[in-house]
Amino acid sequence: MRDRSKEAGEKFAELVSIMSRLRAPDGCPWDCEQTFDTIKAYLLEEAYEVMDAIDARDWDGLKEELGDLLLQPVFFAQMAKDEALFDIVDSLTAINEKLVRRHPHIFGDATAETADDVKQRWDEIKKQEKAEQA
């Protein structure tokens, strides 16, 4: 498959823009009414639908369900932006930094020969990060 990362970025930006429009004062009444508490159940529901599609090996269904699941963090981040807490860029920055930090065998000079090595190192880094936050 060819690299479509640029297109993915454009489509993601479009999703963020659509969600912003839906939550705007003149946007969708249902979307505008939602809060963190009212929308959180959909996150779990969509995750289960993704799992069901995987179990059924329904790749077309999985494609759609992953889109539905992807909407959830964008929705939460838009609500956070509406309350001046953070926005989706902050969430993307956090996960990008975490992935680089937790893969020193790829982005640093550490080594990992097996998947078990990677998992052990991930857990060690995670434990260290938690201790530093305490």
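Between the beta carbons of Ile54 and Ser91, assuming R0 = 22 Å, the FRET efficiency works out to 0.35 to the nearest 0.05.
Computed extension length for Lys127-Ser5: 40.8 nm, one decimal, from 0.36 nm per residue of separation with the Cα-Cα distance subtracted. In segment 39-88, the inverse of the mean reciprocal separation of distinct Cα atoms equals 11.5 Å; this is its Kirkwood hydrodynamic radius. Across the accessible surface of the chain, with the other protein chains kept in place and a 1.4 Å probe, carbon and sulfur atoms take up 56 percent. The equivalent ellipsoid that matches the C-alpha gyration tensor of the chain spans semi-axes of 31, 21, 16 angstrom, in descending order.
In the context of the full set of protein chains, the chain has a per residue accessible area of 75 Å² (1.4 Å probe). The HN-Hα couplings worked out from phi for segment 36-50 by the Karplus form 6.51 cos²θ - 1.76 cosθ + 1.60 (θ = phi - 60°) are 4, 6, 6, 8, 4, 5, 5, 4, 5, 4, 5, 4, 5, 5, 4 Hz, whole numbers, x standing for Gly and Pro.
Using a Gaussian network model of the chain in which every pair of alpha carbons under 10 angstrom is joined by a spring, one finds that among Phe86, Phe12, Phe107 the greatest mean-square fluctuation is at Phe107.
Quickly estimate the mean residue ellipticity at 222 nm for the chain, helices only: each DSSP H run with n ≥ 4 gives -39500 (n - 2.57), and the total goes over all residues, rounded to 500. Display every interim value, and only then the final one.
Details: 7 runs with 105 residues, N = 134.
That calculation yields -25500 deg cm²/dmol at 222 nm.
Excluding residues fewer than 8 places away in the same chain, name every one of the aspartates and glutamates whose C-alpha is closer than 17 Å to that of Lys6. Here the aspartates and glutamates satisfying the reach criterion relative to Lys6 are Glu14. Taking the charge dipole of segment 1-100 about its Cα centre, with +1 at Lys and Arg Cβ atoms and -1 at Asp and Glu Cβ atoms, the residue from Tyr48, Phe75, Thr93 reaching farthest to the positive side is Thr93. Listed by chain and number, the lysines whose alpha-carbon sits under 17 Å from that of Lys11, ignoring those within fewer than 8 places in the same chain, are Lys63. Using R0 = 41 Å, the C-beta based FRET efficiency linking Gln120 and Ala24 works out to 0.30. In this rough spin-label picture, where each label sits 7 Å from Cα along the Cβ direction, the Ala47-Ser17 distance is 3.1 nm. Where a Cα-Cα gap under 14 Å defines reach, which aspartates and glutamates qualify for Lys40, not counting those fewer than 8 residues away within the same chain? Partners within reach: Asp31, Asp68.
The values are calculated or read from the model by the stated rules, or taken from the named source; none is laboratory data. These numbers were taken from a predicted model, which means no experiment stands behind them. Backbone-built Cβ (ideal geometry, glycine too); neighbour counts: all protein chains shown. Side chains included, ligands, DNA and RNA excluded: accessible areas come from the protein's heavy atoms. Shrake-Rupley method; radii C 1.70, N 1.55, O 1.52, S 1.80 Å.
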